[in-house]
Each structure stands twice: as C-alpha cells, then as structure tokens.
Amino acid sequence: MTGNATALSDKQSSAPAVGTKSSVSQRIHGLMTEMWKYRLSYAFIFPFMAMFIIFILIPVVAGVLLSFTYFNAFDFPTWRGWLNYQNLFSQDVVFLQHVLPNSFKFAVFVGPVGYILAFLLAWLISQLPSTLRTWYALAMYAPSLSAGVAMTVVWTVMFTGDRSGYINSFLLKWGIIDKPVYLLIDQDYLLNIMIVISIWSSMGIGFLAILAGILNVDKQLYEAGKIDGISSRLQEVWYITVPMMKPQMMFAAIMSIVHTIKSGGIGVQLSGSNPTPNYAGQLLLDHISDYGFIRFELGYASAISIFVLLLCYVLSKFFGFLFAPKEDE
C-alpha cells in the first residue's frame with residue numbers, strides 16, 4: 001500500500017514538468033506557425049534586419065565586450081573587467097585635462113549655434129518664392145555634402161600659416177600683424193577654427209527637416225492666429241510654427257548631436273597630426289583613433305567608444321523628452 005502511494009505521488013510531482021515542456025513546445029509551434037503565416041512580411045524586413053544585425057548590433061556588442069578587455073589587435077583579448085573605465089576617469093590625464101574640456105567647448109558652440117542657425121536660415125528661406133527657395137536651400141545644404149578631406153582642403157587654404165594663406169595675407173596687407181601666424185598648429189587658434197568650420201558645415205539633414213516642417217505648417221493656423229491677436233512674425237514662430245513642428249525639431253536636434261560628435265576628426269585633418277599640437281584640438285573621436293589605430297590599445301579605445309555611445313543616448317533621450325509631443329497637446 002505504501003509503495004502504491006509513493007508511486008502515485010511521484011507521478012503527480014512529475015506531471016507539472018511534463019505539462020511545462022508541453023506548454024513550451026506548443027508556444028514554439030504557435031510562434032513558428034505565425035511566422036510562416038506572415039512569411040512574406042518577414043521576407044520584406046529580412047534585408048534590413050540582416051544589415052542591422054551585421055553592421056550595427058554585432059559591432060556594438062563586440063565593442064561592449066572588448067571594452068572590458070586588453071586587446072592589442074594581435075594577441076587574444078584578456079579580461080580586465082572595469083579597469084579600462086576606471087583608468088578613463090581617474091588615470092587618463094589627456095582625457096580629463098584636454099579631451100573632455102575641448103569636447104565640451106566644441107559641443108556647446110557647434111551644437112546649439114548650428115541648431116539655431118539651421119532654424120533661422122530655414123525660416124528665412126521658407127519666406128522666399130519657391131524657385132529661389134530651392135536654390136538657397138541647396139546652397140545651405142551643399143557644405144554638408146562635402147567630404148571631410150575636401151572641406152579641410154578648402155579651409156586649409158584660408159588658414160595656412162604662410163603668406164599664401166588668405167587670412168594671413170589679409171592681415172599682413174592691412175598691417176594688423178607683422179609676420180604670418182601658424183593658425184592651424186597654434187593651440188590658441190586651432191579649436192576656435194574647428195568650431196567655425198563645423199558651424200559652417202552644420203546645415204545637414206536636420207536643416208532640411210526643419211525647412212520641410214516649416215513649409216508643412218497649415219497656413220490657416222496663421223490666419224486663425226491673427227484673429228486671436230498674434231501681430232508679429234516672432235509671435236507666429238513662437239506660438240504656431242515651433243509647436244506644430246516638434247517632431248522635425250527633435251529629429252534636427254538628434255542630427256545636430258550626431259554631427260557635433262562626428263566632426264571630431266577635423267582637428268587632425270587641419271593640423272595634420274594625431275594627437276593635435278599640445279592636444280589643443282583633441283576631441284573624443286581623436287582620442288579613440290589615437291588609442292585604437294596608433295597605440296593599438298583596442299580594448300581601451302572600445303571603452304571610450306562606449307562612453308561616447310552612452311553620451312549620445314542620454315542626449316538623444318533629453319531632446320526626445322524636450323521636443324516630443326505631450327499627450328495633453
């Protein structure tokens with residue numbers, strides 16, 4: 001009698017496990033059935049998903065893993081844990097004394113100033129007739145189409161440190177200076193020149209998004225605003241234009257962040273050396289290139305890259321919260 005009770009209890013205790021396995025198999029079978037049902041849709045998204053996984057997801061995951069290792073591109077990576085991040089914020093003097101301050105100054109000027117100029121120029125162009133609007137929009141957008149090397153060649157002619165440079169030639173002609181100034185290798189001028197060039201080339205996709213948003217605002221809203229007491233163009237922009245194009249403003253803000261961080265290599269191109277003279281124009285991307293492709297400390301370079309990735313993510317979330325339409329609007 002006792003043996004039968006024991007066997008019965010064992011059978012009952014094993015029943016949930018069997019039921020769990022059966023439930024999992026049923027869920028998998030149901031998922032595969034659903035996927036087969038919509039196989040044509042999955043076939044359409046497969047190319048994008050494949051490219052996303054190969055060129056974005058896998059590199060990001062590999063970068064995260066490498067950031068916890070020491071890797072010199074020749075030997076197999078060795079695990080270091082959080083040591084790369086600890087060194088970045090406690091031992092890397094160049095990063096703390098030069099790269100972070102330079103990047104902060106560069107971002108403060110290039111990001112907001114370029115963003116505000118993009119909005120102002122887009123608004124001014126939107127007031128022009130359609131034919132002129134097209135040509136002016138193309139003129140503003142053209143610098144962002146230039147490759148970094150081509151753009152650097154144009155501006156190097158302006159700031160080159162001899163009498164053939166346009167800036168030096170003008171200053172010498174008018175007696176402002178007595179001898180040419182080596183602007184591109186002088187630590188007092190290099191970062192400021194980088195800021196000017198980056199602002200000049202900042203009218204990219206974000207500028208086109210803002211222009212499209214302004215042109216798509218319903219004209220009847222402006223007429224209704226005049227009836228409600230709006231009497232100036234500035235009030236129209238503040239109370240009608242900006243609230244009606246928050247998605248475009250958010251997109252332009254994110255593109256401004258990307259452009260600001262992507263412009264990091266311009267100092268190396270202008271000065272012709274990495275690191276830049278006295279680290280005067282050393283930005284985050286230059287620091288990554290220095291450790292990744294000159295010193296071959298790829299694990300440490302990956303840690304800096306992850307820091308930049310997290311910084312972009314935080315800023316994107318901030319601008320998303322700032323410009324995203326609210327539920328009560």
Would it be correct to say that I177 is within 24 Å of the chain's Cα centre (by Cα) and in the same structural domain as A107 (by TED's automatic domain parsing)?
no
Could you identify the single residue in I230, I199, I214, I185 that is in contact (Cβ under 8 Å) with a residue 12 or more places away in the chain and either more than 23 Å from G111 (Cα to Cα) or open to solvent by 80 Å² or more (accessible area, probe 1.4 Å) (or both)?
I185
Test: T160 is over 30 Å from R233 (Cα atoms) and of a type in the set (S, T, N, Q):
yes
Considering (1) touching a helix residue (DSSP H, G or I) at 6+ places or on another chain (Cβ under 8 Å); (2) loosely packed, with under 14 Cβ neighbours inside 10 Å, say which one G175 fails and leave the rest.
(1)
So L128 ticks every box in (1) open to solvent by 40 Å² or more (accessible area, probe 1.4 Å); (2) in a helix (DSSP H, G or I) but one. Which box is left unticked?
(2)
Only one residue in S273, S316, S305, S289 is under 22 Å from D188 (Cβ atoms) and open to solvent by 30 Å² or more (accessible area, probe 1.4 Å), so which one is that?
S273
Given the condition under 23 Å from the mean Cα position of the chain (by Cα), of a type in the set (A, V, I, L, M) and surrounded by 11 or more Cβ atoms within 10 Å (Cβ to Cβ), answer yes or no: does some residue in segment 69-84 qualify?
no
Considering only residues that are under 14 Å from the mean Cα position of the chain (by Cα) and open to solvent by less than 40 Å² (accessible area, probe 1.4 Å), which ones fall in segment 242-260?
A252, A253, S256, I257, H259, T260
Hey, among the residues in segment 29-68 that are open to solvent by less than 50 Å² (accessible area, probe 1.4 Å) and farther than 21 Å from I304 by Cβ, which one's farthest from the chain's Cα centre (by Cα)?
G30
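The values are calculated or read from the model by the stated rules, or taken from the named source; none is laboratory data. All values reported here derive from a predicted model rather than from experimental measurement. Note: ideal-geometry Cβ built from the backbone for every residue, glycine included; neighbour counts use all protein chains shown. Note: areas computed on protein heavy atoms with side chains; ligands, DNA, RNA excluded. Shrake-Rupley method; radii C 1.70, N 1.55, O 1.52, S 1.80 Å.
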